[in-house]
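These notes are about the structure you will find just below.
The values are calculated or read from the model by the stated rules, or taken from the named source; none is laboratory data. Remember, predicted model here, so these are calculated numbers, not experimental data. Don't worry about glycine lacking a Cβ; one is built from the backbone with ideal geometry, like all the others, and counts go over all protein chains shown. Please note that ligands, DNA and RNA were not included when accessible areas were found on the heavy atoms of the full protein model with its side chains. Shrake-Rupley method; radii C 1.70, N 1.55, O 1.52, S 1.80 Å.
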Amino acid sequence: MPHRFQKKRPPFISLPRHKRSDEVLRLKGRIKRDADEYGGMFTSHLVLDEPDRPDLYNQWFDFYFSGLDRFTIWNAEIVTARKAFWDGAHELAHQRTAAMLTPEERSAESVMEFEPAEFSKTGKVLGYRLVEQQKIQYEKFGGLTFFEQWEKLESDIVREAPPTIHELFRLDRRYAYGIGLYIVLDVDVIDRTAIEQAITQFREMGETDWQAPNQVARERLPVVSEKAALTAIMRTGKGN
């Protein structure tokens, strides 16, 4: 959840208790105002339960809810076990592909160049676009580019050496707004019911880190990569 972690601001938990309490009261007011949309247990900046949205696009959600005491806000991200599986395979494939490159090759792959793309009437640059870099084909990858090898290895990992996934709650106390909370839940989609289930379970466990002792069953997890699954949706128009 790095997009909500602001390094230039102090962690929420370092604020005086009265400031945290004020923020909690404001959040509770917002949750109450948004109850028609989110049900009254949480709120968000995102659209939830969008009609006709394919299930594979409902695999994660960001939301906020108050803690059991009057000084805590939970800044949460929830993902399905399927999404956690895909993210794990994606990251593992990237690490293994990058490890096969020399430092010089890794540096070349990370180069980003921009060029002016929009100008004012006076010639002032108003915007830039990313310059497309020439794709390097590597003999060590059988003639594939870095991204092609990454994608190939990701598919191999999903099929042959899948990462283990557990339901869990993981806290991150560095957040500038509230306390970060990452949730993995073994459900088909993230909807209001799944989020309310997660909040209830988290509170019953005492709002702490937790990991299920048993991993999510393999038959509950995908046999193709996330890109392949989403590509199939776009080709067929079927989302489930």
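In the stretch 151-170, what residues are open to solvent by 30 Å² or more (accessible area, probe 1.4 Å) and either of a type in the set (D, E, K, R) or assigned to a strand (DSSP E or B) (or both)?
151, 152, 156, 159, 160, 167, 170
Return the residues of the stretch 125-138 that are open to solvent by less than 90 Å² (accessible area, probe 1.4 Å) and closer than 20 Å to residue 149 by Cα; say none if nothing qualifies.
133, 136, 138
Counting only residues that are among the β-branched types (Val, Ile, Thr), in a loop (DSSP other than H, G, I, E, B) and farther than 15 Å from residue 167 by Cβ, how many does the stretch 206-240 have?
2
Between residues in the stretch 46-70 that are closer than 18 Å to residue 229 by Cβ and residues that are open to solvent by 20 Å² or more (accessible area, probe 1.4 Å) and not basic (Lys, Arg), which pairs lie under 6 Å by C-beta distance while being six or more apart or on different chains?
Within 6 Å, the pairs are 55/189; 55/240; 58/189.
So residue 122 clears everything in (1) open to solvent by 70 Å² or more (accessible area, probe 1.4 Å); (2) within 27 Å of residue 161 (Cβ to Cβ); (3) hydroxyl-bearing (Ser, Thr, Tyr) except one condition, right? Which one?
Only one criterion in (1) open to solvent by 70 Å² or more (accessible area, probe 1.4 Å); (2) within 27 Å of residue 161 (Cβ to Cβ); (3) hydroxyl-bearing (Ser, Thr, Tyr) is unmet by residue 122, namely (2).
Report yes if some residue within the stretch 207-229 is under 20 Å from the mean Cα position of the chain (by Cα) and within 19 Å of residue 43 (Cα to Cα); otherwise report no.
No: zero hits.
Please find, among 82, 53, 33, 70, the residue that is of a type outside the set (Val, Ile, Thr) and under 15 Å from the mean Cα position of the chain (by Cα).
Just a single option satisfies the conditions, and that option is 82.
List every residue pair whose Cβ atoms sit under 8 Å apart, with the two residues 6 or more apart in sequence or on different chains, where the first one lies in the stretch 217-231 and is at negative phi and open to solvent by 50 Å² or more (accessible area, probe 1.4 Å) and the second, anywhere, is in a helix (DSSP H, G or I) and among the β-branched types (Val, Ile, Thr).
Partner pairs satisfying both residue conditions: 223/158; 224/158.
For the stretch 191-205, how many residues meet the condition of being part of a loop (DSSP other than H, G, I, E, B) and either without any contact (Cβ under 8 Å) to a residue 60 or more places away in the chain or open to solvent by 80 Å² or more (accessible area, probe 1.4 Å) (or both)?
1
Condition first: modelled with pLDDT of 70 or more and among the aromatic types (Phe, Trp, Tyr). Now tell me which residues in the stretch 1-22 satisfy that.
12
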